[in-house]
Amino acid sequence: MATGIPKGYTRSTLEKMNESRTKLKLQTGLASNESPDELANFEVWRYTSSKRLDEGYGNHARYLSGTAPLVAVQASAIKALHDELSLRMGFAATFEEWFEEWQLGFKNLINRPGSDPTLKTNYPIQDTGDREGWRTDPESRPQYLEWKLPKANRKFRVIEYFPRGRSEPTNSIVCSGSDSQIINQIVYYEWMPRGVEEEERFIPVNISNRQGYPIIRLYFKENSSVARVAGRNPGTGWMSFRVMQEPKQLAVSDLQRWKSKIEENFKPNGNPVSWKKGKSYYTYADWKNGYQFQILADQRPEAESLIKKALAIKEDTFKRASFYNSGAVYPDETYSDTKEYTEILGQVTPEPLMRPRLTVNFKWADLFLPTYNKKYTLVTTPGCRKLWPGLKGDANEKIV
């Protein structure tokens, strides 16, 4: 009678399967009083391909059964398949292993052979000549918190991800699934939404004759400390319009001229302009010249002033016939400030307010070329993006 794994078999292949055999009662598929020891040549082993990868999911037992040689063959085949698929499908690393590198921008990876030796990663810890440092403030580096259910072995994980770490404790998203799925969700949140949001949000619907033309975008954001006191994430605001010129016609001089106009109107004397967002909805539509503004404000002069400043960038004139008030008749009732609550996973959570009153400040402006997927930062404020270096170049040089 075989009583164990053949000595010649490498136990590391079986990941040191649990030495205690499970008492199993078998007899032609029915219960029996006989123990496995009394059933010749039959063994049951508890098995895992990787305790390291299993750790985050609790205690989910898997078993192999049969004669000792058959158990060894099963374990070897499963382990080989597991190792092959883990590399091909991206689950060879745990979430914790990946996050340790992600948090610091994969600082140990060299992905620019032959370039400046000081630029050993796309996301250096410190600012460099052409790249901003990755979360130079330790307080703003990404953090996460795992949600766990006591006494439960779930076959998935729930991770609360804080993109700005301890600096914005109320700014988080919840990711769920396997380790590899959660990793993909975080990467998508950090990068893909920005590209999609910034490109698609400003492409007008059913205005095909404007597709592909350059876009000037102005970004506003609420002060984080003000939002934190209010118990919510910082509010944001966008203004954008098309430059009705072919991208290949644009020269550095065009960008320099727009930069000057943006600073004059949205950052006069170095002081960023504020936008008091409200509940009324104002629009400005001059599609022929590339304009389709949508402004939330409480007062018409607030919206009109912002639009006039944006028109001044291309030195265009405000047209009263293109300005509309498209909001609700009773905005305070339609978009009430009364907080409502809902229960999520047993925790009472406030619903986000629709069109809250808040003040956002100008942060940066860029030129986006959707056809080439290129961005050129024209104006910025402290702590935001770096200016496009080409602004100091030859004024007659084409940008694409």
Spot the failing condition for PRO331; the list is (1) closer than 17 Å to MET239 by Cβ; (2) modelled with pLDDT under 95, and only one is missed. (1)
Report whether or not SER32 is surrounded by 11 or more Cβ atoms within 10 Å (Cβ to Cβ), at pLDDT 55 or above and of a type in the set (Gly, Ala, Ser). no
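Which of the residues that make up region 148-194 are hydrophobic (A, V, I, L, M, F, W, C) and either under 10 Å from the mean Cα position of the chain (by Cα) or modelled with pLDDT of 85 or more (or both)? Quick ask: steps written out before the conclusion?
Initial filter on region 148-194 (hydrophobic (A, V, I, L, M, F, W, C)): 149, 152, 156, 158-159, 162, 173-175, 182-183, 186-187, 191-192.
Matches in region 148-194: VAL158, ILE159, PHE162, ILE173, VAL174, CYS175, ILE182, ILE183, ILE186, VAL187, TRP191, MET192.
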Inside region 64-107, can you point out the residues that are surrounded by 16 or more Cβ atoms within 10 Å (Cβ to Cβ), touching a residue at least 60 places away in the same chain (Cβ under 8 Å) and more than 21 Å from GLU146 (Cα to Cα)? ALA68, VAL71, ALA72, ALA75, LYS79
Checking the conditions here, which among ALA321, ALA285 is surrounded by fewer than 18 Cβ atoms within 10 Å (Cβ to Cβ), farther than 26 Å from ASP254 by Cα and aliphatic (A, V, I, L, M)? ALA321
Quick check: anything in region 195-208 at pLDDT 55 or above, touching a strand residue (DSSP E or B) at 6+ places or on another chain (Cβ under 8 Å), surrounded by 13 or more Cβ atoms within 10 Å (Cβ to Cβ) and of a type in the set (Phe, Trp, Tyr)? no
Within region 325-350, the residues that are surrounded by 14 or more Cβ atoms within 10 Å (Cβ to Cβ) and in contact with a Ser or Thr (Cβ under 7 Å, 6 or more places away or on another chain) are GLY327, PRO331
Could you count how many residues in region 341-400 are outside any strand (DSSP E or B) and of a type in the set (Ser, Thr, Tyr)? 3
Considering only region 307-341, state which residues are over 18 Å from VAL243 (Cα atoms) and aliphatic (A, V, I, L, M). ALA321, ALA328, VAL329
Residue check for GLN299: in the same structural domain as PHE266 (by TED's automatic domain parsing) and farther than 16 Å from ILE216 by Cα: yes
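The values are calculated or read from the model by the stated rules, or taken from the named source; none is laboratory data. Everything quoted here is computed from the prediction, not taken from an experiment. Quick reminder, even Gly has a Cβ in these numbers, built from the backbone with ideal geometry, and neighbours come from all protein chains shown.
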